[in-house]
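Following: one structure in structure tokens, then a few remarks.
The values are calculated or read from the model by the stated rules, or taken from the named source; none is laboratory data. Worth saying up front: this structure is predicted, and the values here are computed from it rather than measured. Neighbour counts are summed over all protein chains in view; Cβ atoms, including those assigned to glycine, are modelled from backbone coordinates with ideal geometry.
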Amino acid sequence: MQDLLDVKDELVKLDYAKIGKRIQKVRKQKKLTQADLAAICDCTSNHLSAIENGVNKPSLELMVRISCSLDKSIDYFLMDSPYAYPKYKIDNEISEKLNRCTSQMLCIVNDILDSLLSNIQTKNDE
């Protein structure tokens, strides 16, 4: 029973400093000031600053508002948490890279993926 309690205690530890840094990173990518995002999310800029610096812990409700406002899933902000679903982590990484691609680059990536999937299917059929 004690082993289960130890595991449970370990699972509830979130790295709020990393969560805050991710919020800050996306906010800056969206060219929003702390005051802008705070107004959108109905909190004070001081509270948002404290969250970004890992001093304050955001409520679930505020995390939802931040996530929606920044067009990111909550999982993106919890990436290093044991609660984050690994598939979303890689999906977010791929999505961020694809967002930096030109239309021509996206066509090349699409061709590469088609080729990769075709080769995998061929090997599976053998």
*Of all residues in the stretch 39-49, which are closer than 12 Å to Q24 by Cα and buried (at least 17 other Cβ atoms within 10 Å of the Cβ)?*
L48
*With the stretch 55-126 as the region, which helices (runs of 4 or more DSSP H) entirely inside it contain at least 1 residues that are surrounded by fewer than 13 Cβ atoms within 10 Å (Cβ to Cβ) and at pLDDT 95 or above?*
60-69, 103-125
*Scan the stretch 64-82 for residues that are of a type in the set (A, V, I, L, M) and in contact (Cβ under 8 Å) with a residue 40 or more places away in the chain and jot them down.*
I66, L70, L78, M79
*Considering each residue of the stretch 6-24, count those that are under 12 Å from the mean Cα position of the chain (by Cα) and at pLDDT below 90, and give that number.*
0
